[in-house]
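The values are calculated or read from the model by the stated rules, or taken from the named source; none is laboratory data. Owing to the predicted nature of the structure, the values given are computational and were not obtained by experimental measurement. Here the Cβ is made from the backbone with ideal geometry for all residues, glycine too, and neighbour counts use every protein chain on show. Keep in mind that these areas ignore ligands, DNA and RNA; they rest on the heavy atoms of the full protein, side chains included. Shrake-Rupley method; radii C 1.70, N 1.55, O 1.52, S 1.80 Å.
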Amino acid sequence: MEHITVPYIKEQKGKRKLIMLTAYDYITASILDEQGIDMILVGDSVGTTMLGYPNTIPVTVEEMIHHTKAVVKGTKNALVIIDMPFMSYQEGIEQAKRNAGRMMKESLAEAVKLEGGQNMKDTIKAIVDIDIPVMGHIGLTPQSIHRMGGYKVQGKGKDAEKLIQDALSVEEAGAFAIVLECVPRDLAKEITQMLKIPTIGIGAGPDCDGQVLVIYDLLGLSGDFRPKFVKKYANLKEEIARAVKAYMDEVKEGIFPDDSHSFH
Ligand code: KIV
């Protein structure tokens with residue numbers, strides 16, 4: 001299988017569904033890559049999944065680079081995208097270019113993702129102009145959690161037009177793809193039909209050009225937090241708890257280790 005590139009992702013629009021998942025470590029990345037996933041996103045959801053933060057706001061550039069380096073090492077074919085964390089691009093174009101460049105150089109990711117629509121048009125264009133591919137992200141943008149007042153569906157009713165303008169701005173700025181998060185299904189379909197770049201949906205219905213989920217949600221490792229759009233394909237939390245309990249019981253009872261696990 002050939003390594004997946006940014007132009008290849010753009011060319012797939014209208015041909016087949018694109019598939020993306022998040023990963024934050026070497027082993028998970030290598031499993032996803034072996035399955036032939038198109039794109040691995042090292043999302044700033046690393047903050048809530050791996051680092052125990054209450055939301056994505058505290059995530060730093062250094063943390064993103066640290067996790068992305070591990071993901072890149074575990075990946076042969078998938079396109080690896082690094083998320084720009086809160087306040088690594090919002091101060092201005094020079095800051096955004098500097099951080100995007102540093103994140104690409106130190107992590108070896110092949111594209112960056114950042115949140116925002118019309119407000120980020122010039123920033124996306126400036127990063128694209130220095131040859132760093134950008135994936136956009138509109139709709140529910142978790143870095144704006146405090147403005148939005150919670151994790152809510154975006155673009156309902158009269159807000160739909162703003163979301164359409166956001167999508168067009170991201171495309172005009174030169175992004176190669178765009179994440180639509182928590183957007184009504186019909187609006188996501190309309191945006192997908194309107195844009196020439198692929199839309200990658202999460203909580204945006206089945207008509208997007210591709211789909212993304214947070215890997216821990218799909219695997220059943222996110223505890224009780226389960227938004228409506230998540231489908232749990234495994235219950236690894238229960239499976240890990242069962243294995244740990246079995247190990248503890250066997251050590252307590254002197255069953256493990258036995259002779260077969262011992263050196264002579
Ligand atoms: O940080 C993340 O994992 C994301 C995806 C949910 C798209 O931005």
Which FRET efficiency value, to the nearest 0.05, is calculated for Met87 and Met248 with the Förster distance at 30 angstrom and r the Cβ-Cβ distance? 0.10
When the Karplus curve 6.51 cos²θ - 1.76 cosθ + 1.60 is applied with θ = phi - 60°, which whole-Hz ³J(HN,Hα) does each residue of the range 120-134 get, with x for Gly and Pro? 10, 4, 5, 5, 4, 4, 5, 6, 4, 5, 9, 6, 9, x, 10
If R₀ is 35 angstrom, what is the calculated FRET efficiency for the pair Thr60 and Lys17, using the beta carbon separation as r and rounding to 0.05? 0.55
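Does the range 6-233 come out rounded, prolate or oblate by the C-alpha gyration tensor, with a ≥ b ≥ c the root eigenvalues, rounded set by a/c under 1.5 and, if not, prolate when a/b is larger than b/c and oblate if not? Present the calculation step by step, with values, prior to reporting the outcome.
Working: a/c = 1.22, a/b = 1.10, b/c = 1.11.
Rounded, because the longest to shortest axis ratio a/c is under 1.5.
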Quick one: among Met148, Met64, Met104, which has the greatest mean-square fluctuation in a GNM of the chain with alpha-carbon springs under 10 angstrom? Met148
Comparing Lys228, Lys156, Lys73 in a Gaussian network model of the chain (Cα, 10 Å), the one with the largest mean-square fluctuation is Lys228
With all protein chains present, calculate the accessible area of Ser262 using a 1.4 Å probe and round the result to the nearest 10 Å². 50
Karplus couplings for the range 14-31 from phi (6.51 cos²θ - 1.76 cosθ + 1.60, θ = phi - 60°), rounded to Hz, Gly and Pro as x? x, 9, 7, 6, 8, 10, 10, 9, 8, 8, 9, 8, 4, 5, 4, 4, 5, 5
Placed amide H near Asp38: partners under 5 Å, 5+ positions off or other chain: Ile19
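If you count only protein heavy atoms with a 1.4 Å probe, what accessible area per residue comes out for the chain, rounded to a whole Å²? Working shown, then result.
On the way: 13510 Å² over 264 residues.
Value for the chain: 51 Å² per residue.
Please tell me which of these pairs span more than 20 angstrom C-alpha to C-alpha: Lys17/Lys196; Lys17/Lys73; Lys156/Lys189?
On the way: Lys17/Lys196 15 Å; Lys17/Lys73 26 Å; Lys156/Lys189 14 Å.
As for pairs spanning more than 20 Å Cα to Cα, those are Lys17/Lys73.
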Sorted by chain and then number, the residues having a modelled amide H within less than 5 Å of the amide H of Ala111, at least 5 places away or on another chain, are Ile82
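Restricting to DSSP loop positions (anything but H, G, I, E, B) with no more than 14 other Cβ atoms inside 10 Å of their own Cβ, which GluC sites (Glu not before Pro) remain in the range 1-56?
Passing sites in the range 1-56 are Glu2.
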Any aspartates and glutamates whose Cα falls less than 12 Å from that of Lys228, other than same-chain ones fewer than 8 residues away, would be Asp217
So, in nm, how far is label Leu236 from label Asn119 when the simple model puts each one 7 Å beyond its Cα toward the Cβ? 3.3
Most fluctuating of Gly52, Gly116, Gly92 in the GNM of the chain (C-alpha, under 10 Å) is Gly52
Counting only protein heavy atoms with a 1.4 Å probe and every protein chain in place, the carbon and sulfur fraction of the accessible surface of the chain in whole percent equals 56
Once the cut-off is 23 Å, how many percent of the Cα-Cα pairs in the range 101-209 end up in the long-distance tail? 24
